[in-house]
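The values are calculated or read from the model by the stated rules, or taken from the named source; none is laboratory data. In this text, all values refer to a predicted model and were calculated from it rather than measured experimentally. We place every Cβ from the backbone using ideal geometry, glycine too, and count neighbours over all the protein chains shown. Areas reflect the complete protein model, heavy atoms only, side chains present, ligands, DNA and RNA absent. Shrake-Rupley method; radii C 1.70, N 1.55, O 1.52, S 1.80 Å.
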Amino acid sequence: MAVLAGAHTDHAVHMSGLPEWVRIGAALLLAAVAVLHAHHGAHMPGQRRWWHLGHGVMAAGMAAMYLLPRLRYEGLHQGGLVLFALLAAGTVAAAAGLRSREGALNPIWTMSAVDYLAMVYMLTDPALRPAWLGYAFAAYFACAVLGWIARAFDRLPVFARALPAGAGRASGPALLSAPPLGASEGAPARSRVSVALTLAVMAAAMAGMLAAM
């Protein structure tokens with residue numbers, strides 16, 4: 001009983017605004033999101049692969065934060081802090097490199113960098129986190145939920161697409177809503193819906209966690 005009471009207290013301190021059933025449900029949903037994005041990443045080429053795998057890692061990290069209280073798993077939280085700080089720095093560097101190659105700042109990678117920075121914020125020692133920044137991140141993710149549900153991000157360029165010679169179309173930016181080269185027209189349409197919904201779920205989970213901190 002004492003162990004259970006201690007675990008409950010840890011969770012109450014960790015996320016005082018969320019009941020336990022919400023935390024467990026959110027963790028299960030995020031685990032499913034992680035599996036789906038890992039599956040997409042394994043079957044997508046080029047930049048899409050890394051974009052999906054990155055979201056899979058974020059979803060898994062969020063699931064762990066919902067389930068494992070900081071007071072009992074401080075080492076795990078510190079390891080996550082280092083991981084997502086490295087991912088944020090790597091994404092910023094990659095976005096800068098792609099900008100020089102493709103001539104435009106890729107909004108998809110910019111959003112990913114913000115997502116990683118939000119993970120860094122949530123994993124930082126609570127005594128060092130400015131509250132205003134948490135509210136700003138929560139507002140950003142609330143807008144992202146609406147954007148993914150309304151499919152407002154479908155027209156954002158994902159990366160510059162160079163088509164093979166004789167394809168009959170000019171090269172240009174590949175959109176998030178466009179199938180990758182070599183893919184059939186049916187499957188990407190189904191995957192686009194699932195991707196938008198899972199990203200809306202993940203953004204909602206991140207907004208909820210930030211609001212509860």
Heavy-atom accessible surface of region 99-155: percent carbon and sulfur, 1.4 Å: 68
Rh by Kirkwood over Cα pairs, then Stokes-Einstein D for region 58-145 at 1.306 mPa s and 10 °C, µm²/s: 113
Extended-chain gain in nm, criterion 0.36 nm per residue less alpha-carbon gap, ALA85 and ALA136: 16.5 nm
Largest to smallest accessible area among ARG192, ARG99, ARG70, ARG155 [probe 1.4 Å]: ARG155, ARG99, ARG192, ARG70
Residue-count net charge about VAL120 - beta-carbon cut-off 15 Å; Lys, Arg +1, Asp, Glu -1: 0
Extension gain (nm, one decimal) between ALA96 and GLU20, 0.36 nm per residue minus Cα-Cα: 23.2 nm
Accessible carbon and sulfur surface of region 30-94 relative to its total accessible area, %, 1.4 Å: 76
Estimated distance in nm for a label pair at VAL114 and GLU74, the labels positioned 7 Å out from Cα along Cα-to-Cβ: 3.3
